[in-house]
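Report on the following structure.
The values are calculated or read from the model by the stated rules, or taken from the named source; none is laboratory data. Just so it is clear, the model here is predicted, and its values are computed rather than measured. Every residue, glycine as well, gets a Cβ built from its backbone with ideal geometry; the counts of neighbours run over all protein chains shown.
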Amino acid sequence: MRVAVVGATGAVGSTILGIMRERAFPATEVVPFASERSAGRTIDFGDKRLQVVALTAESIQGFDLALFSAGSGVSEEWAPQFARAGAVVVDNSSVWRMHDHVPLVVAEVNPEALAAHHGLVANPNCSTMQMVVALKPILDAAGIERLVVSTYQSVSGTGQRAVEELHDQALAVLEAKEIPKPAVYPHQIAFNAVPQVESFKAGDDYTTEERKMMGETRKILGAEEIGISTTCVRIPVYTGHSESVNVQTRDELSPEACRELLASAPGVRVIDDPANGLYPLAIDAAGQDEVLVGRIRRDPSHERCLNLWVVGDNLRKGAATNAVQVAELLNVRGLLSSPRPRGFAPAG
Ligand SMILES: NC(=O)c1ccc[n+]([C@@H]2O[C@H](COP(=O)([O-])OP(=O)(O)OC[C@H]3O[C@@H](n4cnc5c(N)ncnc54)[C@H](OP(=O)(O)O)[C@@H]3O)[C@@H](O)[C@H]2O)c1
């Protein structure tokens, strides 16, 4: 199987390459793509050195699979071209996620949606991804009527430049030097909490990240009726998004039953012994594929509401691990080679 990794020099792309190696992904050849700036650079991949290639009409030919993490603009232009050239694309950007003919898939939650792909599968937003892994068992057992979510999101969720921005600002603060002006974020991120993740579209007082969480959660869970309210906050953590999730179930679900349910759920690890200071932490989630859930407790203001604290590695399960899991599922289910109409995007 020939695999293209588009955005291979970035935060998600380099994690994808590492996870393909960890999971012994059955590729016969891996080609890393990035911008013209990186073309010719080499990347270590096990005992091989791979040369970074730029995207051209010729260089994208002959792939079975393309894993994209190079931003929405690159995906919008190049994912349909890879698909038309015969590859199945798994895309990490937001551009195709809500498209009717593009399955939005979380491996543990809705793998059955893959069967309907038309050459492109979308990977959800990182904060949505970890939340739905924790919510699916609750939805199946007790139904979900409403969610109130607040996120505490790490800077690697914005990419490599944001990690450097936090590092440089933090160093300047600690060394009492002049703080470099923010270039990635609208405000200083070091020693701060910024209630704006991504941007505000004209006339909307929710950010694009908050809107994504609302729309994508409903699409993945196949439950348009769920009410969702979100507030997304950027905090000065390198890796690992944390989320306070208030879940209103349809049927009664005790905290004990919820804990038991999640303890046996795929992709979830329950860490919930607050008396001994045990609960999920971003620094513990970083580097892990499991979604950590703790602080499971009754909302004292509502008999059918529970509060959860959900933490995940945004680069791994939030992006790269799920993309590789989806690729594995496409492969073992024979969904890479089957000829199918490439109808997800306008031709051209
Ligand atoms: N970070 C996360 O936690 C996360 C989670 C879920 C989804 N995502 C999504 O994944 C995508 C990548 O995010 P990231 O955090 O990895 O960003 P990043 O660290 O900024 O990396 C961006 C990658 O895209 C490449 N690229 C940029 N312009 C290109 C072009 N014109 N042609 C080909 N390649 C180009 C860059 O190559 P150069 O090195 O040559 O510039 C780099 O490899 C975004 O769509 C993001 O929304 C990110």
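Brief remarks on what is shown
- Looking at Val88, Val30, Val53, just one residue is buried (at least 21 other Cβ atoms within 10 Å of the Cβ), free of Cβ contacts under 8 Å to residues at least 60 places away in the same chain and either over 18 Å from Lys212 (Cα atoms) or of a type in the set (S, T, N, Q) (or both), and that residue is Val30.
- Phe63, sole failed condition from (1) in a helix (DSSP H, G or I); (2) more than 11 Å from the ligand (Cβ to nearest atom): (1)
- In the stretch 1-49, the residues that are under 12 Å from Ala320 (Cα atoms) and of a type in the set (Gly, Ala, Ser): Gly7, Ala8, Gly10, Ala11, Gly13, Ser14, Gly18
- Any hit, the stretch 203-210, residues being in contact (Cβ under 8 Å) with a residue 60 or more places away in the chain, crowded, with 19+ Cβ neighbours inside 10 Å, within 24 Å of Ser154 (Cβ to Cβ) and not basic (Lys, Arg): yes
- Residues of the stretch 33-50 classified as near the ligand (Cβ under 10 Å from one of its atoms) and either crowded, with 21+ Cβ neighbours inside 10 Å or among the basic types (Lys, Arg) (or both), total: 4
- Exactly one residue among Val12, Val6, Val74 is β-branched (Val, Ile, Thr), at pLDDT below 95 and within 13 Å of the ligand (Cβ to nearest atom), and that residue is Val12.
- Counted residues, the stretch 159-194 - those being touching a strand residue (DSSP E or B) at 6+ places or on another chain (Cβ under 8 Å) and either among the aromatic types (Phe, Trp, Tyr) or within 12 Å of the ligand (Cβ to nearest atom) (or both): 1
- Among the candidates Ala202, Ala190, Ala223, Ala183, residue that is of a type outside the set (Lys, Arg), assigned to a loop (DSSP other than H, G, I, E, B) and in contact with a His (Cβ under 9 Å, 6 or more places away or on another chain): Ala190
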